[in-house]
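*Asks:* Sending over a structure as structure tokens; questions will come in a sec.
The values are calculated or read from the model by the stated rules, or taken from the named source; none is laboratory data. Here the structure is a predicted model, which is why all the values come from computation and not from measurement. No Cβ is skipped: glycine too gets one built from the backbone with ideal geometry, and neighbour counts run over all protein chains shown. With ligands, DNA and RNA removed, areas are computed over all heavy atoms of the protein, side chains included. Shrake-Rupley method; radii C 1.70, N 1.55, O 1.52, S 1.80 Å.
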Amino acid sequence: MERHNKRYGKITGWGIYTPPKVVTNFDMEKNWDTTNEWIVQRTGIQQRRFASEEETTAFMATQAALNALEKADVQASEIDLIIVGTCLAEDFTPSVACIVQSAIGAKNIPAFDISAGCSGFVYSLSTAYQFLSTGLYQRILVIGAENLTRFFERSDRTFAVLFGDGAGAIVLEQTDQPCGLQGFTLGADGSGQDDIRLNTSSGLNRFDAGHLVQFNGREVFKFASRILGKACDQALAQSNLSLDDVDWIIPHQANIRIIQSAAKNMGVPIGKFYINIDQYGNTSSASIPLALFEGLESGRIKPTDTVLMVAFGAGLTWGACVVQLAPVLNPQLHPAQHSWA
Amino acid sequence: MNTEQTIRNEIGLVLAMPPAEILPDKPLVEYGLDSVRAMDMVVGVEDLFDIEVEDMEIAALKTLNDVIGMVENKLA
Ligand SMILES: CC(C)(COP(=O)(O)OP(=O)(O)OC[C@H]1O[C@@H](n2cnc3c(N)ncnc32)[C@H](O)[C@@H]1OP(=O)(O)O)[C@@H](O)C(=O)NCCC(=O)NCCS
């Protein structure tokens, strides 16, 4: 392969939107038969954000996108493609991505959603990198946005305490500096389709449907605590890297106990995982870009770090990707990348 | 490592306590086992011994000895 022709992709901008309404566990106690103690102990969640009626999935996605564009110093007119990972567009069609395109003022560029449960962002990012590496597109907006609290009226307490709303976006730009996606894995097991289901099938209006949420927490927990490590291993093998080459694992924030269980099974110290579930709950496809943003902005994640993003969710789906955020000038740090030097 | 030691180590990891301190007949709940840690324990034991534990069986796993008995039964 002609190395010098390889097209690399760098994350040049990141932005988020989180609804201002903070809902603590104590607030949850008022509407649900639950306790702060139960929620903290079983999930690690302290609070989450609730979107208002105006804060639709597309609205949040748009705000996150605008923030990411500003950070990257890129105009909407310079974007070539928009991909949104989400479980929950406002309508069956149009896609959230098309609404975002119009709202940010981009014109005629392709825009589409990817539905992969909570793995939506990792699916979207991996897809974006494929377009980038062919050279077809140079600047891509990748967004994860969710508004799952809309389902709460039709769910039970076990489901309701877990989720929160929000959106995160990144701008991915082609570069000839060696960095970006080192390797990835995506997967699905449709035989687990009933383990998490947001049912829309019993009426045209999705909110008319009875028993909207079907959720087998135990099965999902077992699946997740296993797949997290497996997906990491696969993405690392693809990258020709080991865990030692990775600075941070950014897992989907579904339950701190899933992350702890996976850390135990992987033999990795919990401190290697970036965790912010306490603040936002499970924001599905938004959780990884929210964590990445927070990590980068706080300086805990360094601009040249190598991060391993790993997600799992309804479908069942999973995915992991190893991303070197910026070129590392000392090749000693990453022996596997000697070939580009 | 024998079955008992393997299970002891796994439960020690799940409960974040020294494996040797787990008394065989003391309820694991008293060491901090809850329904989520029980799932964690079951995932570990299933993978270590390549067995399957049904959801209904989990409630009966109250002590270290219960877990050892369950595993030995499945391996027999
Ligand atoms: C949700 C989850 C924390 C529930 O834990 P669990 O141990 O399976 O909980 P169970 O349903 O067995 O319930 C345990 C007890 O807590 C009670 N309970 C359940 N939800 C509760 C709540 N929100 N508040 C208070 N008590 C609750 C149950 O009634 C049960 O009580 P009992 O022992 O008296 O019967 C866990 O299954 C999980 O994390 N699953 C995966 C998370 C997930 O799917 N995320 C989405 C993937 S992207």
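*Asks:* Cβ neighbours within 10 Å, averaged per peptide: list A:98-110, B:36-48 in order, most packed at the top.
*Replies:* Result, highest mean Cβ count within 10 Å first: B:36-48, A:98-110.
*Asks:* Next question. With a cut-off of 8 Å between alpha carbons and a minimum separation of six or more residues, what is the relative contact order of chain B in percent?
*Replies:* About 37 percent, as a whole number.
*Asks:* With all protein chains present, how much of the accessible area of chain A (probe radius 1.4 Å) comes from carbon and sulfur, to the nearest whole percent?
*Replies:* So the carbon and sulfur contribution to the accessible surface is 49 percent.
*Asks:* Continuing with this model, one more query. Of all DSSP beta bridges in the range A:71-182, what percent run antiparallel (nearest 5)?
*Replies:* Antiparallel bridges make up about 45 percent of those DSSP assigns within the range A:71-182.
*Asks:* Which percent of the accessible heavy-atom area of chain B goes to carbon and sulfur, probe 1.4 angstrom?
*Replies:* Heavy-atom surface of chain B belonging to carbon and sulfur, 1.4 Å probe: 53 percent.
*Asks:* Putting +1 on Lys and Arg Cβ atoms and -1 on Asp and Glu Cβ atoms, find which of A:M266, A:I79, A:Y123 reaches farthest to the positive end of the dipole of the protein assembly as shown.
*Replies:* A:I79
*Asks:* Just the number please: accessible area per residue for the range A:8-177, 1.4 Å probe, all protein chains included, in Å².
*Replies:* 40
*Asks:* With an 8 Å cut-off on Cα pairs and a minimum separation of 6 or more residues, tell me the relative contact order of chain A in percent.
*Replies:* Computed over chain A, the figure is 24 percent.
*Asks:* In peptide B:33-41, how many Cβ atoms from other protein chains are near each Cβ within 10 Å, on average?
*Replies:* Partner Cβ neighbours, averaged per residue: 5.
*Asks:* Which of the listed residues, A:A254, A:A65, A:V307, is farthest toward the dipole's positive end in chain A, when Lys, Arg count +1 and Asp, Glu count -1 at the beta-carbon?
*Replies:* A:V307
*Asks:* Once you have the Kirkwood Rh of the range A:8-177 from its Cα pairs, apply Stokes-Einstein at 25 °C and 0.890 mPa s and quote D in µm²/s.
*Replies:* D, rounded to a whole number, is 147 µm²/s.
*Asks:* Any chance you could check the range A:258-305 for residues losing 40 Å² or more of accessible area when the partner protein chains are in, compared with the chain on its own (1.4 Å probe)?
*Replies:* Going by heavy-atom accessible area, the residues of the range A:258-305 that drop by at least 40 Å² are A:K264.
*Asks:* Decide, for the range B:3-75, between rounded, prolate and oblate: order the square roots of the alpha carbon gyration tensor eigenvalues as a ≥ b ≥ c, take rounded if a/c falls under 1.5, and otherwise choose prolate if a/b is larger than b/c, else oblate.
*Replies:* rounded
*Asks:* Would you mind giving the total buried accessible surface between chains A and B, with a 1.4 Å probe and ligands, DNA and RNA left out, rounded to the nearest 100 Å²?
*Replies:* Chains A and B together bury approximately 1300 Å².
*Asks:* Next question, about the same structure. Sequence gap of 8 or more, or different chains, plus Cα separation below 19 Å: how many lysine pairs satisfy both in chain A?
*Replies:* Qualifying lysine pairs in chain A: 10.
*Asks:* Output the residues of the range B:45-64 meeting this criterion: accessible area (heavy atoms, 1.4 Å probe) in the chain alone minus accessible area with all protein chains in place is 40 Å² or greater.
*Replies:* Those residues are B:D55.
*Asks:* When you look at the Cβ of every residue in A:222-229, what mean number of other chain Cβ atoms sits within 10 Å?
*Replies:* 2
*Asks:* What whole-number distance in Å separates the alpha-carbon centres of the range B:53-76 and the range A:214-265?
*Replies:* 26
*Asks:* With every protein chain left in place, what is the accessible area of A:E78 in Å² (1.4 Å probe, nearest 10)?
*Replies:* Surface accessible to solvent at A:E78 totals approximately 70 Å².
*Asks:* Can you bin the protein assembly as shown into rounded, prolate or oblate? Criterion: square roots of the alpha carbon gyration tensor eigenvalues sorted a ≥ b ≥ c, rounded for a/c under 1.5, prolate for a/b above b/c, oblate for the rest.
*Replies:* oblate
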